[in-house]
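The values are calculated or read from the model by the stated rules, or taken from the named source; none is laboratory data. Everything numeric in this text was worked out from a predicted model, so none of it was measured. Virtual Cβ from ideal backbone geometry, glycine too; neighbours counted across all protein chains shown. We work out accessible area using only protein heavy atoms, side chains counted, and drop any ligands, DNA or RNA first. Shrake-Rupley method; radii C 1.70, N 1.55, O 1.52, S 1.80 Å.
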Amino acid sequence: MPENAEDQTGDIPLIERARWLAHADFFVGLSSGLSWVAWAVGTPVVMVSGFTRPTTEFATPYRVVNYHACNSCWSDPRESFDRHDFLACPRHKDTPRQFECTRLITADQVIATIKRIPGFANHAGARTVAQPEPV
């Protein structure tokens, strides 16, 4: 658990999760229910997306996708999914390419997207990286 982070794991009512999300500066998540809740309460959502097309979810200017990897299988009507298999990767199951849609998204890509959120640089605790002066 990161320093100063609130541990909100466990069996917590959805309304309580929505209350926490409503007061968050932003939310980083996948195409999941908590991302939708964060969006519904007006919190900026950084959507880490690989298995869905950008038009599948709500509009967010903070989407992270690696289009150089396999992507959007969830939105492909030619693919079928076993809703009981949460480790399903319809195009590359049991191969080295399994889950490359999200696995090949880097932390640096996510951080760069977070830094685009207005006011992030002014956020308490936000770090800035010193840049070398031009020669």
Any chance you could check the Cα centroid distance between the range 76-100 and the range 40-66 for me, in angstrom?
20 Å
Using a 1.4 Å probe on the protein heavy atoms, what percent of the accessible area of the chain belongs to carbon and sulfur?
57 percent
Only helical DSSP H runs with n ≥ 4 go in: add -39500 (n - 2.57) per run for the chain, normalise by residue count and round the 222 nm mean residue ellipticity to 500 deg cm²/dmol.
-5500 deg cm²/dmol
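Going by the alpha-carbon gyration tensor, a ≥ b ≥ c the square roots of its eigenvalues, is the range 28-76 rounded (a/c under 1.5) or, if a/c is not under 1.5, prolate (a/b greater than b/c) versus oblate?
prolate
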Subtract the Cα-Cα distance of ASP25 and ALA59 from 0.36 nm times their separation in residues, and report this length gain in nm to one decimal.
10.5 nm
With viscosity set to 1.306 mPa s and temperature to 10 °C, compute the Stokes-Einstein D of the chain, Rh being the Kirkwood radius across alpha carbon pairs; µm²/s, no decimals.
94 µm²/s
Separation in nanometres of the label points that stand 7 Å from Cα toward Cβ, at ASP7 and SER80
4.4 nm
Accessible solvent surface per residue of the range 1-120, calculated while the other protein chains remain in place, 1.4 angstrom probe, Å²
66 Å²
Measuring from its Cα centre, the range 32-85 shows a charge dipole (+1 at each Lys and Arg Cβ, -1 at each Asp and Glu Cβ) which, in debye to the nearest 20, is 160 debye
